Amino acid sequence: MRRLSIVIPLVLTGLAAGTAPAYAATPTNDEPATAAVIPALPSTIVQDTTGATYVPYGGCTSGDAGANVWFSFTATDEVRVEIDTSSSDYNTGLNVFAGMPSDGTWLTCSERSVRFVAEPGTTYFVEVAACCGSGAGGQLVLQAQAAAPPPTVDVTVDSVGQFNARTGNATVTGTATCASSVVTAVVEVFLAQQVGRVSTVTGQNGIFVGCEPGGPPVPWSVTIAPGNGEYRGGAATASVQAVGCNNTECSATNTETKITLRR
């Protein structure tokens with residue numbers, strides 16, 4: 001009787017010969033305790049993360065994250081740090097922790113790029129996790145560098161505003177100064193005034209401010225229509241938020257000031 005001859009595909013012959021199939025090794029920085037050190041700014045680290053596992057430590061990417069690896073950075077002087085992974089070949093979510101990662105040490109997060117102020121002597125841990133449709137890792141390209149100053153807008157609020165007895169509207173004024181990195185600036189005003197013993201009139205409005213980046217202060221004026229009732233003469237509280245943006249980030253400052261409304 002003839003024996004049936006079976007040909008085993010080449011991909012399996014290695015098993016018969018005792019050779020294990022190739023799998024990506026687990027990265028040494030798979031856990032915070034063995035985080036890879038970012039030695040200085042600037043630094044670029046390229047790493048294959050396909051063998052990374054995932055253990056959540058909190059932050060804002062834990063609900064939609066996969067394979068993660070860890071990095072640490074300790075500054076000798078105060079510095080604003082930017083971590084960028086946009087050149088990687090998979091989607092990444094970044095979490096930053098001030099100290100060993102936990103819910104209590106979580107600092108900030110973002111996708112692909114994150115910025116934070118590093119205090120001297122504190123070790124910061126950076127989690128890079130596959131996210132946003134990428135469950136597995138890939139070719140990670142991490143760039144760490146000193147970040148440009150944030151696009152801040154500083155505002156002053158004049159102590160006296162105006163109200164219109166006919167319309168019930170109020171106008172709040174002040175000045176705005178834009179940092180050199182500001183491209184767009186917005187001033188938003190929330191105005192509250194107690195009228196009588198129990199009624200509080202509120203309203204809000206905002207405007208774009210045409211301040212020159214790094215230039216002198218410029219005046220701003222916002223007219224607020226009340227959402228209820230009418231503004232009258234007397235004391236009011238103006239809560240002012242100034243937002244500055246550039247091509248990569250926005251920064252907000254908040255000011256609360258007691259003002260007097262007059263005709």
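Readers should treat all values here as calculations from the given coordinates under stated rules, not as data from a laboratory. Worth saying up front: this structure is predicted, and the values here are computed from it rather than measured. Here Cβ is always computed from backbone atoms with ideal geometry, including for glycine, and neighbour counts include all displayed protein chains.
So here's what we get for this one:
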quantity: Segment 115-129 - phi-based ³J(HN,Hα) in whole Hz, Karplus 6.51/-1.76/1.60, Gly and Pro as x; calculated: 10, 7, 8, 9, 8, x, x, 8, 8, 9, 10, 10, 9, 10, 10
quantity: Relative contact order, percent, segment 26-146 [alpha-carbon distance under 8 Å, six or more residues apart]; calculated: 37 percent
quantity: Expected-Rg normalisation [2.2 N^0.38 Å, Cα atoms] applied to segment 26-146; calculated: 0.93
quantity: Sites A24 and T108, calculated FRET efficiency, Cβ-Cβ separation with R0 41 Å, nearest 0.05; calculated: 0.90
quantity: Sequence-separation-based contact order of the chain, relative, with Cα cut under 8 Å and 6+ spacing, percent; calculated: 16 percent
quantity: Debye log10 I(q)/I(0) for segment 109-202, one point scatterer per Cα, at q = 0.11, 0.14, 0.18 Å⁻¹; calculated: -0.67, -0.81, -1.00
quantity: Label-point separation in nm, C250 to A165, each point 7 Å along Cα→Cβ; calculated: 4.0 nm
quantity: Cα gyration tensor of the chain - equivalent ellipsoid semi-axes, whole Å, descending; calculated: 56, 21, 16
quantity: Compactness index (Cα Rg / 2.2 N^0.38 Å), segment 153-262; calculated: 1.11
quantity: Mean ellipticity per residue at 222 nm, deg cm²/dmol - from DSSP H runs of n ≥ 4 across the chain, formula -39500 (n - 2.57); calculated: -500 deg cm²/dmol
quantity: Directionally averaged shadow of segment 193-245, computed from the convex hull of its alpha-carbon atoms, nm²; calculated: 4.8 nm²
quantity: Contact order normalised by residue count of segment 153-262, Cα under 8 Å, 6+ apart, percent; calculated: 35 percent
quantity: Estimated dipole of the chain in Debye, rounded to 20 [Cβ of Lys and Arg +1, of Asp and Glu -1, Cα centre]; calculated: 800 debye
